[in-house]
Structure formats: structure tokens, C-alpha cells
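Everything below concerns the one structure shown next.
Nothing in this text is a laboratory measurement; each read-out follows from the coordinates by a stated rule. Predicted model only: the values in this text are computed from it and were never measured. When we count neighbours, we look across all protein chains shown, and the Cβ atoms used for this are built from the backbone with ideal geometry, even at glycine.
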């Protein structure tokens, strides 16, 4: 059963009943962040019920010692994970010396709202303590986009039925641990605790990685909206700093605490500047004040929405879903720092270590490319470019040579840190995604210069990998790729995974294509790269032998490419015939049973046909869709969006819509029963693609121009989306009867709509 | 490089130089045991160098929490391992208050001997302490076969160049841990420490499994061979009990301590009897005295050797090798207790958890059947029979039904406790070995009654498993078995492993065969079993459909059965062409590279042809041997023996001899660079088979009679072996020119030699 407690709303995520069963799920869903840092929606006050505390700083990770049953040669020794960082949001609250804990008192009028339009989180409720005092609480919290080392909290308590004492004890707590730590280790070392009047900080460093981080706070108090000065009691413990303020109130009074928090780290400062910078930050924030910060925040989000909003009319839940997806993507990654990337859970949980997967190249780049300046996608590419040396080292460890690179399945700093052999060593299709990301970027932005300057080195190293990884099969008289795991991780160690073989062939051909173009037009870069890589013409001819003679498993009977060799030895029973009690199979079946079944975790052959759609006829797409869709159980968050897009492109709108709903509300409705662990951030980019590429039918043509083939689900009145294309903003609105295009730009734009070329003129709406 | 420090000797394992580099290896090689308990050859006195302490009690295990990187449905939650038990051998020695520690003094005249003929371990050396005192030490130690809860030590120290004080501090130490513990847990809880005059004990229980164990000691001292009474100082610590005795000596005096030790456990006593029993044991041992215990031991071993010795003339190293193998097998398992089994490392190390593998059925049963009364092999079968319920439960967890059983890959108590998915879930050929063990036993002993009484239930449950595990492939129009790991663990998750498919088909056919025989001749048992298993004729017909239409991968080109589907897509490069620097590949190559290579860890297709040799023509065997042998790297201890036997049976004696040497001296010469972790006990049975079945060509005919086809390596003058067959003892000696047969029995015996039937008469030697 999916969850169904989030109130439908166009712009906000709202929860209007307090239920302890939903606390952890809501902590994930109501997470806030600004790309540089983020946090789960933990309560400020104490909470004794089930909770997963989480505050994270982008790029601050810990190499947790790997845990495996049996060691295999080549395993990475650690799994880098985003660290749970010191908590700055906490405020113990006492009413006449009784602690406020929603798990232990009567709660009414509870309402939590994540306002996505303006970028803040609020909570309000009435609480009646066991001792009888009733209070009304209103809180608001934000993590600033503009001042990206700062967060702020406004926390008001109104005395409803008593006069007495309200105690606020804001604190910084560095005794935090990661729930998913492999050996229950503590990852931080406290270097210094600094206390002063109304502000203070904790200076800590991470063990092993030696990141230095200062967490600071500044406090301000008001009574009935007037600033008050209250005696501060200070408690410094081993790993925490707590200030206590006692405020005397009369019945009806409202006491408010403002808490400003900041993280600064050695990623951006010298170690000796950190203390000052952090205290400066919170001081500045308190001077700006909460209301002004809110206003700044609203402004920042308005800018983001201007180029990324999707408006759906006639379906509030779909509207809420897509905005939630866009909002979370922006909270996770802003694209301004090439050292950062997009963890599968963003800042909403610990699972997957918060590191970088192939999700970035395959799913996230289109979203960021379509909604932000091209620098952002370029930063994502540079992230991999900067880690090329590590990818070459990684391949060397596995026995490859001559500068072949294997990019890691999971990474934080370029080193592989995944440790299931069937993934780490075998899920090598990720290497193709790196090149597809480059291709996709160059194609969309027409920034071909990226190739000679950066991309070519990566492209050569990956082509070398594929050339070495394939081997010639005498039996087949073709090249084969043995022992791989495709995108469908419900198959392990298979031979000739269609998707992998296709990408391998394509990567080599693209490499040769790029080499030719660079040789012809960027001779200086060409010479530099050739010298650096020792590449010869003979070597590229060897590559091409592999590409040109690549084997692809094919079934004459079904007239489809097979996911891998011997796929047809399986019993092909549609997933719809599985009893509900056995779904999801990854929670109900043993691994061997999953492996020998025909069920597909996520798009695999279809993933390839999605990426290279123009290479296939509509009939081919239909045939493969009809063969594979019934066998796909979509137990990966990355599956439904691809099926939705393909369904739309073969005019199966009901199926496209069904899969769209699944992807867009995956977390809000908790399809996979795991939202309490965090949200599926990277798949949210797939939701965006489902609308833009799926319903909107947006494609990039070979000439780099855009084409559209708009359709609309019968459930909707209209939808509209915005694309940044060649630094111009194009808005597309699709109604049941017509489609309009509007350009906020400086020059005309040629696009194709339903195969007809039209010109869009700045500030003029065109109806098709 | 193999090790080469063991002195060649026909009856003893001898080390005559003290080298700290060899201490751990020797601890394994000089291990002693009696089937019920055993220990590594740790020094009695303190040793500060590298050492792996190990004392083990058969059947006393601990469920250590499993350690895996990522959880998969169906994983076992713990890995049962034989526990390192409290140490009873330790004696701190001080010379004029300086501790004796071979790592810290000058050692000369060092000699260690494991006398396999008589079953004792001795050590002698001169040690000069840093303080100048020189002593001569002579020790002897045994673990009694006759009194199987008892061990004894004689430890003499002669004062060579001083008069002064020799201090003996014998102790019991229960603070021991397993080096391979997953979470560094301590597995014992101390219940009581009892001290008295010259004797004492520690009563402890294992956590979780609640085995109660008492470890006791009794001390006796002599000066110059005369009993002395010395004041005893007692020290009781948390987990240890130490007595200290100070002996004043004059230059030339010899002080001797006798230490008798005992383990008793709740496997054999009520908890409240344990303390008395243990103290009674050591008291009795001290009354018998060390010399008498030695004599008893010699007698026990003479009896064992009488029915199991193999004599090789003209090759001392080969002689030493085979006796070492036979000796260790007997130290590990005596066959008197159906609750015990044969761990891959016996009592010589911790690796593999000391539990039961398919090694028992595939390798050990022939040895025990051939050298001991048939009760012993029967006990090994009953071990599995008694665990049938657990095997059915195990299969249910994986989704099988209707009483199908999957025996565990590794177990202590019948529950699966292995946790690599590709083994746990997929290395299912083990299930066939269970049935082959029954078949082999019945065939050799002609005890067909075992089937109706016990075997049939196991046979039915396993047939059900194979029936359910296979599926019909429309593509092949035959039954296939997908997603398995064969005996060659350098392939994982393959389809249609020839060995597995062959065993599956055979198991079903054997099941139906047994059912028919039991129905015809044991109708009462038949009805009982049919009722209990709800088996119908229709169900067996369904089984047979699978057996009769089983698919076997075959290459027309090479005219051989293929190890698995698509094996010929690999590059087939003989292992001999691999650079030495890349061997063993499991230490040099990453796992993916191993998997997609053609290299075979251990006999796989050939293992099947070995088990069912009579089903294949000599030409078929030759073809398959010539195809697979060059690709086999023998990086499992269980491989060389099978290749040796097959080589002999196709008249390739040089190859047979080469593989024999490898298997027989695997540990003594440390081929796999890991003897410090313990010896490869189960593969030692394969060494015995290499001579008896390989060189001797012994086979069991369909009528249950034996046939021989004796050959002799050109390196040897002669060899002889002994077989217990139908409770008669048959001795075979093979010279270069002739073979003799001698029967110690009560009735004539018909055997076939080189295809001619001959009759052997009791107490008459027949020359062929």
C-alpha cells in the first residue's frame, strides 16, 4: 500500500495531521537544502519517537571501511559516504521545566508545509503537555540559496493557558553518527568549542579525510515581537554547546527565538579562517534578520522557477509531483561548484552513501541542461574530466592498460567505492554514460569546443576500455563482451548485454568521429591530446574492428534484440501475472530466483533505445516495448520515466501517463515503501524528462535544433514547460487543442513542431 | 615458491631448524587431534612472535553474525564456526625469573617431530637466554585416541650451565578469541573457575549456542625423573587459572612437568556432571601416567594404520605425503559420532568455519569407506539424514515447495551459513553430492537397506528440488538449469553447467530407480515414506520428464560437452601460457577478469566424468581431459586428485604422477601459500583416492565387486595399500613387474584384475 497523507496542493507539500508513523517519511519529504548543504526535516525541539537525524554538507565525506563477506581481488577498501554533519537546528524547549516532545504530549492543529515557491519549511501546532500547559507553536526554517553557508529558524511559542517560564536551549551537537556506518565508528574529531554572548561554534574535523568544518549559531530572542535580552547560561560538553535562556511569560504572550546557523568548511576556506568566517556568517545573518532572509529566499526561488517550472492544469497531484521533483533537484545541486555532484538521495538521507552514480550523466544532465545555463551541465562533465586519472588507475587495478579508463560505479573523489563484485567489476555500462553525457551536452549546447579542450581525453580512455574489454569469439566470429551486469541489475554476470554492447560500439565510433573532427578543426588540441595519450592510427583501427564486428543477441522468432545471450531460455511470464503478495520481488524472492526469472528491474534494452531513439524505426520501438514492458517490474526508481517517454513516442499515451504518475509521485506516495530513508533525487530528473521529452516530445536534432511533438494526457487541461536553449528561454504550453510557443530571448529561434519547421520570435506567442 | 623445510621421512614430519618464518606453517602441519578435539602445534611456553593459537572441540560452534556488503533476501544471518576453545596446553617457563620465549633467545639443536606411526608430537632444543642461562628442553605431547577427552604433555628442562630456579606456571586460558571473528566478539562466558591441589578447571559456556564446556588440568612434577612435591601458588584471574611451581636445580639437573588436560562438554554430559567428569579425567590420566598413555596411543595408531596405511617404496617424500594425509584425516574424524563431520581445515585452523561442505560426500566418504568399518561412512550419511528437515526449510526460504530440499553449502547444524550469493544460492550441485554419497555407500557396502530406512527420504527431497529448479526452455525445447555456479567457482551464475545438469538428471533417475526397488522389496518402508512425503506416481512422471529432456551444452567442433552455455565465446589460451607472475590468478587478477577467462579453478566437467566414469568411453574421457586439463589452474585443493585419477585411467601416468605429487604434498610443500592458516584436510582424502582409484585403478562394479587395474609411476619401486571391503581386509601391493593381493579375512573374495576375475583366498598371497 502506498502512503497517501500528503495534502494535494499546487505549490506546497503539506501534512495536516500529526502521526508518529509518518515522522520519518516526512523528514525525507520536507527536506530543505541549497545545493551546498541540506538537512532532513527533523524537529528543532526534542523528539523521542522514531527519527533519522540528518544534516549534510556537500563534498564532506568519510571513507567508511568496506564490509564484505569474502574479499575479492580488486575490491575497494572503503565506501565513501556523505557524512552526517553536526546538528545546528536543535532547540530544547521547556515549559515550566517540562520538556516539549511531540511524542509525549497531546498535539492538535498540526500543520507542516514545505513551500516550494518560496523555499521555506514551516510547522504549527498546539501542544498540551502532561502537566497541563497548552502552547501554540509556529516555526519557520530556511536554508538560504543566496547566502549558501547560512540557515535560519524562527521558533515562536505562545502561552495559551498559563503564565510561567518558557526555556529555550538552542544547541550545536557534534556527537552525531551515520546510521549506516559499517563499523559504528564515530567519524569526527572535535578541535574546539567557542562560546560567546548569543553566539558560538564547534570546530571539528573528519577523521581520515581531514575536512575541517565549523558549525556556528547566533541567537536572538523576542517577546511579543520585541527584542529582549535574557541571561544566557552556557553549557559546554564534550561534543556540544548549549545556551539556555529563560523567558517569563504571561498567558497569551508569545516568546520567539531566532536561531541562525552556518557551516563553513576547508573546501572553501583556509583552516585558520574557518572560525572567523563561521561567526561572521551568523552575525551577518542575524543582522539581515529572518524576514529579509525569507524575502531573499523567495526571490532566489522565483529565479529558479522562471526557467524550470512546469505548470499542469487540471491535475493538482500531478502538479505537486512535478514541482516537488524540480524543487528537490535544485535543493540538491545548483551547478555552481564542479567538485560537487548529485547523490541519489541528495541531502535527504544516508543511503547509497550520497555519492555520484551514472544517474548524473544518464538522467540529470538533460534536466540541468534544459533549465539552467550551460555552465551547469559543463560543471557536471568537468567533474568526471577531473577524475580521469583515478578512472585510469581504477582500470589498471582490474588489469586494463595503456590509459584505458573505467569510471567508478559509485564515487566521491573519483575512486571506486562500491563493493558488490557483480556491480563494481561488471556494471561497466556506466562507462558509456560518461561519453553519452558529453555527446548529449555538445549536441544540445553546440559547444563543440568542449571536446578538444576536455572531452577527447575522456573519450579516448573509455574507447580504449571497450576495445580491451571485448574479446573475439571464434564461435560467433564476432566480438563479444562477457561477464557484465546491465542497467537491469536483476541479471548478473551475463554475456552480451545488448545495452552494454551497443554503448561500447557507439563509444568507439563516437571517439573516432570526434578524433577526426578535432584533427580537422583544432589541430593544436589534437596534437596535445595525441601526444599525451600516445594514440596512433593503428590503435583506432583496432578499436574500429571491435565496433564494426560487435555481436548483438537477436531473436528471429520475436524479431527483437535480446537483453543478453540466452534470455529466451527463461520462462517469459508477464509481471502482471505475479501475485501481489510476491511484489516487490526484491523484498519477497531470494536472489537466485530473481536472477533466473525474466523480470526486469529497470529499462535495459529500452534504455538503449531511449538514448539512441533516432537509430530505430517506430515499428522497432513498438516491438521492443511490447516485448520488454510486460516483463519490467520497475523496482528501480530510474525505470518508469524511460518507459513513459518511450510509450509517448509510440503514441501509447495511457501507458505513458501511468508511468508518469509513478515516477512523479514515487516519493510523495511512497511507491517503493522506503521514503523514510530519503527521497530518490536522481530519478526526479527522469520525471522532468517524462514531460519534456515524453509528452512534449522534445528532441535535439542532428543539427542541434530542437523539435517537438506535443501530446497531452486526456486527464489534463494543459501543461507548460520552460526550456533554456542556447541561452534563450522558450516556454511551451500544450492545451488539449493547441500548443503555444513563447520566446524570452534576443533572437529568433528555429524549431520543428510535428516535423514542420517554425520560427519563434522573441516576446511573441506562436500557436500551432 | 613452495616451502621446502620439512625433512623427508617415512613416518614422521620433522623440522630441524628453528625459523620464525615457519612457525605458523608448522603450527598447522604439526597439528594433533583425535577426531573429538584437536589443536594447532602451538608452543607450550610463551612465544611473542607470530602465531595463530588454536584449540578446537568437535561440534562446539558459534553462530557468528554474517558480514556482507549488501543484504540480499534469503541470506543466512550467521556463519557457524568451530570455536577456538580454552587453551589447556600453556606453561609459562621462567629460568631464574627470566621468561622463556623462543622469539627472544638463542635457539640451537631445534628439532620438532610429529610421529605419525605412534601419534605424538615432540620438540627438543637448546635455548640460551639473554641473561646467559642455557637450557635443554625436551617436550612430548599427545591427544589420546583411546581416552578421547584427554591430552598430555611431558615438558623437561635441563639446566646446562647454571644452578638456580626453574619456574613452571601451567595455566588454563579461556580468554581466547577467534582470529576470524566477524565483529571481534568474545564468544564465551565464564561460569566458574575451580582450583585445587595440582588440579583445576574452568567451566565456561558459549554464547548463543549455550554449549557448556569444562577445561581441566592436572600437574605433576619430577626432578631428575623422581616425583617431587613443590609448593603451589595459585592465581585466578577473570578468564584464567594459573599455578606456579618453583623448582631449585643444580647444573645438570632436569626438571620435568607433566600436564594432563581434558575437555568435556554438554554434547556428552549433563551440565551438572561436567565439573566432576573433567577433574576425574585428568586425575585418571595422571594415574595412568604419560608413558602408559604413549603406549596406548601407539597401539591405537597401529590399529588405524593396519587398515589404512599406504606404503611407497623408492620415494620418501611421496611416502611421507600420503601418510601425512591419512594421519590428518584420522585426526580430524574417527567416524564414531554421527553429530560430527569433517571440516575443510579439520582442527588445524579457523578458515572456512570448520563446518561441513560437499567435500564430505564427494571426497571423504570413499576414504572412510575404504579404510574403516562401514558404520563410519553410514554415520556420515546419517549426519545429512538428520538434517533433512533443515534442508527442506532452507529450500522453502528460497521459494521451493512440496518438501524439496536444498542442502547447505556450509553448515554446522543443518542450517545454511554461507553468504556469497553466487555460492549460497547457486552452487547447488552440492545437493547432488548428497545423493551420490548414498549411491556410493550402497554400491560399495551393498547395504541396500540404508535406502528404505533412511536414504529414500533424502533422495525424494533432492529429486523434488531438481525438478523444481529446472525450467523448460522453449528456445531449446529441453529443460535447462539457469543461474548456477558449478564446482569451478571461477564461473558464477552460468546457465546449464554440464556437471550440475548431469547430476540433476542422474539424481532423478536414481530416485525413481530406488523407489521401484523399495516398492518391490521393502513395502512397509515404501508405504511409510510415500505417506510421509505425499509422493504420487504422477509427480515422479513429472520428474522424469525433466531428467529425460535435460539439455547438455555440447560443441560439435570440439566434440566435447561444454562446461556451460557459451563457454566457447571465451578466448581459450592454455594456462601454461600464463606468465608465472600472474599465478595464482585468484591472488593476481580481479574477479571479473577471472570470471570471463577460460581458466578452471577445479575439475568441473571432469569431476562429473570422474564420478560417472563407467558412463563414458575411454575416448570420450581422453577428449574431455585433453580439452579441459590445459585450462585448469588447480587453485582449489580438490582439483589435482581428480585429474590424477582420470589421467591414470586414460594411461597418462606422467600426468597422473605430477598431479599426485601436487595433491599429496599440497600442505607439506605449501603449494597454495596458505598453510599457515591450516591444512587442507578434505582434499587429503583425494590423495588417498589418487593412489587407490588412480594408480591402483580400484573401481566398484555394478555387482558391487571390486575391480583393479594397477599401474605404477616409473619413479617408484612399489606401493601397497589396504582396503576394507565387506568387513574383510585386502592388501594390494604393486611392484614394477607384478601385483600381489593378500586377504586377511574369513572367506574368499572375488575381484577383477585387469578385467580378469580372480579369487583371493584368506591368508594367501596371490601374484598377478
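What to note about this one:
- Shielding score for B:564-571, defined as the mean number of other chain Cβ atoms within 10 Å: 6
- Minimum Cβ-to-axis distance in chain A for the rotation onto chain B, with residue, whole Å: A:493, 2
- Computing FRET efficiency as 1/(1 + (r/R0)^6) for residue B:573 and residue A:77, where r is the C-beta to C-beta distance and R0 is 25 Å, gives about 0.20.
- Position residue A:705, label points 7 Å along Cα→Cβ, spacing to each other copy in nm (shortest first, one decimal): 9.3
- Under the simplified labelling scheme, the residue A:727-residue B:70 pair shows an inter-label distance of 4.3 nm, with each label point 7 Å from Cα along Cα→Cβ.
- Other protein chain Cβ atoms within 10 Å, averaged over every residue that makes up B:450-456: 0
- Here segment B:31-306 is treated as a Stokes sphere of Kirkwood radius computed over C-alpha pairs; at 10 °C and 1.306 mPa s its diffusion coefficient rounds to 81 µm²/s.
- Ellipsoid semi-axes in whole angstrom, largest first, where each is sqrt(5λ) of the Cα gyration tensor of segment A:485-570: 35, 13, 10
- Viscosity 0.692 mPa s, temperature 37 °C, Stokes-Einstein D of segment B:263-330 from Kirkwood C-alpha radius, µm²/s: 219 µm²/s
- FRET efficiency for the pair residue A:186 and residue A:280, taken as 1/(1 + (r/R0)^6) with r the Cβ-Cβ distance and R0 = 30 Å, rounds to 0.55.
- Distance from segment B:230-279 to segment B:586-659 (C-alpha centre basis), Å: 51 Å
- Distance from the alpha carbon centroid of segment A:717-748 to that of segment B:159-175 works out to 93 angstrom.
- Residues A:124, B:144 arranged by fewest to most Cβ contacts within 10 Å: A:124, B:144
- Measuring spread by the Cα atoms of segment A:570-685 yields a radius of gyration and Dmax of 14.4, 42 Å.
- log10 of Debye I(q)/I(0), alpha-carbon scatterers only, for segment A:537-577 at 0.22, 0.26, 0.35 Å⁻¹: -0.79, -0.91, -1.12
- Sorted into 10 angstrom bins from 0, the C-alpha pair distances of segment B:143-302 split as 10, 34, 32, 19, 5, 0 percent.
- Across the identical copies, how the residue B:196 labels are spaced - nm, sorted shortest first, 7 Å along Cα→Cβ: 7.5
- Taken along the Cα-to-beta-carbon direction at a fixed 7 Å, the label points for residue B:303 and residue B:336 span 0.8 nm.
- Copies compared at residue B:393 - label distances in nm, ascending, label defined 7 Å from Cα in the Cβ direction: 4.8
- Stokes-Einstein D for the protein assembly as shown, Kirkwood Rh over Cα pairs, 37 °C, 0.692 mPa s (µm²/s): 89 µm²/s
- C-alpha long axis of helix A:430-445 to longest principal axis of chain A, angle in °: 90 degrees
- Taking label positions 7 Å along the Cα-Cβ direction at both residue A:21 and residue A:559, the computed distance is 5.0 nm, reported to one decimal.
- Helix B:290-308 axis, angle to chain B major axis (alpha carbon atoms, nearest 10°): 20 degrees
- Per-selection Rg to Rh, segment A:664-703 - Cα, Kirkwood hydrodynamic radius: 1.17
- For segment A:158-240, the Cα gyration tensor yields ellipsoid semi-axes of 33, 16, 10 Å (square root of five times each eigenvalue, largest first, whole Å).
- The overall shape of segment A:194-283 is prolate: from the C-alpha gyration tensor, with semi-axes ordered a ≥ b ≥ c, the ratio a/c is 1.5 or greater and a/b exceeds b/c.
- Cα Rg, Dmax, segment A:31-127, angstrom units: 18.7, 62
- Annotation: for a label point projected 7 angstrom from Cα along Cα→Cβ of residue B:402, residues of segment B:507-539 with backbone N closer than 12 Å are B:534-539.
- Dividing the helix sum by the residues of chain B, where each DSSP H run of 4 or more adds -39500 (n - 2.57), gives a mean residue ellipticity at 222 nm of -9000 deg cm²/dmol.
- Debye intensity ratio I(q)/I(0), log10, chain A, q values 0.05, 0.08, 0.10 Å⁻¹ (C-alpha model): -0.27, -0.69, -1.05
- For A:632, A:722, B:332, order by how many other beta-carbon atoms lie within 10 Å, fewest first: A:722, A:632, B:332
- The stretch between residue A:237 and residue A:453, if pulled fully straight at 0.36 nm per residue, gains 72.5 nm over its current Cα-Cα span.
- Calculated P(r) tail over 25 Å for segment B:373-552, as whole % of Cα pairs: 30 percent
- Converting the Cα gyration tensor eigenvalues of segment A:103-199 into ellipsoid dimensions via √(5λ) gives semi-axes, longest first, of 30, 20, 17 Å.
- Overall dimensions of segment A:697-768 by Cα: Rg and Dmax, Å: 11.7, 36
- Residue by residue along A:582-593, Cβ atoms of other protein chains within 10 Å of the local Cβ number 5 on average.
- Debye log10 I(q)/I(0) for segment A:636-760, one point scatterer per Cα, at q = 0.12, 0.14, 0.21 Å⁻¹: -0.48, -0.63, -1.17
- Order of A:683, A:240 under a 10 Å beta carbon neighbour criterion, fewest first: A:240, A:683
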